[in-house]
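Colleague: The following block contains the structure, expressed as structure tokens.
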Amino acid sequence: MSKVYVFDHPLIQHKLTYIRDKNTGTKEFRELVDEVATLMAFEITREMPLEEIEVETPVTTAKSKVLSGKKLAIVPILRAGIGMVDGVLNLIPAAKVGHIGLYRDPETLKPIEYYAKLPADVEERDFIIVDPMLATGGSAVEAINSLKKRGAKNIKFMCLIAAPEGVEAIQKVHGDVDIYIAALDEKLNDHGYIVPGLGDAGDRLFGTK
Ligand code: URA
């Protein structure tokens with residue numbers, strides 16, 4: 001069963017409060033999401049493998065550690081996921097960025113993929129899917145399906161706020177995908193919004209509606 005990690009760092013929790021606030025305007029909302037994504041990237045990379053190399057300091061030769069060349073890719077789910085990409089790239093600038101677009105079939109209500117562009121070497125990369133909100137989990141499950149179908153083996157899912165329903169949906173279908181969140185909220189309402197949540201993440205990021 002996949003694990004759920006709640007990043008309860010005080011800076012993340014503080015910024016998340018202002019992200020939730022309905023009086024936070026588009027510019028500030030976007031900046032805060034960016035900052036929280038950076039802080040979450042710091043936490044999510046905690047287990048990255050290191051290797052020892054030799055380095056010449058001005059004083060002597062030393063053995064010191066560097067990242068062991070693990071290849072990473074970030075995959076935002078369109079459109080709100082885009083708001084988290086730059087924040088992650090602040091800390092992992094060499095990561096490649098794939099994109100997955102999904103729409104909801106009006107009859108079946110199931111998410112259907114309309115766009116997918118991933119780095120060519122899918123099988124060699126570790127993936128972090130980003131989307132600010134994990135609501136029903138439908139899009140997340142489909143995005144993970146899409147990566148796995150193309151050969152991805154190591155996938156993490158990172159979002160700001162999750163509903164218990166979304167976490168359960170991922171765990172049920174993709175027990176190998178760990179979930180990284182800033183907050184686990186109470187529930188979904190009848191319109192599919194997370195409660196208390198932050199409203200529509202895409203609209204608040206892009207100033208639409
Ligand atoms: N997507 C959002 O943007 N907000 C929610 O509350 C649920 C899904």
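The values are calculated or read from the model by the stated rules, or taken from the named source; none is laboratory data. Remember, it's a predicted structure, so these values are computed and weren't measured experimentally. Backbone-built Cβ (ideal geometry, glycine too); neighbour counts: all protein chains shown. SASA here: full protein model, heavy atoms, side chains in, ligands and nucleic acids out. Shrake-Rupley method; radii C 1.70, N 1.55, O 1.52, S 1.80 Å.
Colleague: Would you work out which of Ala116, Ile155, Pro10 lies farthest towards the positive end of the dipole of the chain, given +1 charges on the beta-carbon of Lys and Arg and -1 on that of Asp and Glu, about the Cα centre?
Modeller: Result: Ala116, furthest along the dipole toward the positive end.
Colleague: To the nearest 20 Debye, how big is the dipole of segment 106-172 about its Cα centre, given +1 on the beta carbon of each Lys and Arg and -1 on that of each Asp and Glu?
Modeller: Computed charge dipole of segment 106-172: roughly 140 debye.
Colleague: What does the convex hull of the alpha-carbon atoms of the chain project to on average, in nm²?
Modeller: Numbers: hull surface 54.0 nm².
In nm², the orientation-averaged hull projection of the chain is 13.5.
Colleague: Ignoring ligands, DNA and RNA, what percent of the accessible area of the chain is carbon or sulfur (1.4 Å)? Each step should come with its number before you reach the end.
Modeller: On the way: 5930 of 11360 Å².
With neighbouring chains kept in place, the figure for the chain is 52 percent.
Colleague: Using the heavy atoms of the protein chains alone and a 1.4 angstrom probe, what is the accessible area of the chain per residue in square angstrom?
Modeller: Values: 11360 Å² over 209 residues.
Averaged over the residues of the chain, the accessible area is 54 Å².
Colleague: Among DSSP beta bridges lying fully in the chain, give the percent that are antiparallel, nearest 5.
Modeller: Beta bridges within the chain, antiparallel portion: roughly 40 percent.
Colleague: A further question on this structure: Can you tell which of Lys156, Lys110, Lys96 shows the greatest fluctuation in a Gaussian network model of the chain with Cα springs below 10 Å?
Modeller: Highest fluctuation among the options: Lys110.
Colleague: While we're looking at this one, here's another question. Quick check: the angle from helix 10-20's long axis to the longest principal axis of the chain, C-alpha only, nearest 10 degrees?
Modeller: On a 0 to 90 degree scale, this one is about 30.
Colleague: With +1 assigned to the C-beta of every Lys and Arg and -1 to the C-beta of every Asp and Glu, and no other charges, what is the dipole magnitude of the chain about the Cα centre in debye, to the nearest 20? Before the final figure, lay out the partial values.
Modeller: On the way: 26 positive and 31 negative charges, 63 e Å.
Dipole of the chain, to the nearest 20 debye: 300 debye.
Colleague: Based on the mean of other beta carbon atoms within 10 Å per residue, what is the order of 1-13, 163-175, 128-140, most packed first?
Modeller: So the order, starting with the most tightly packed, is 128-140, 163-175, 1-13.
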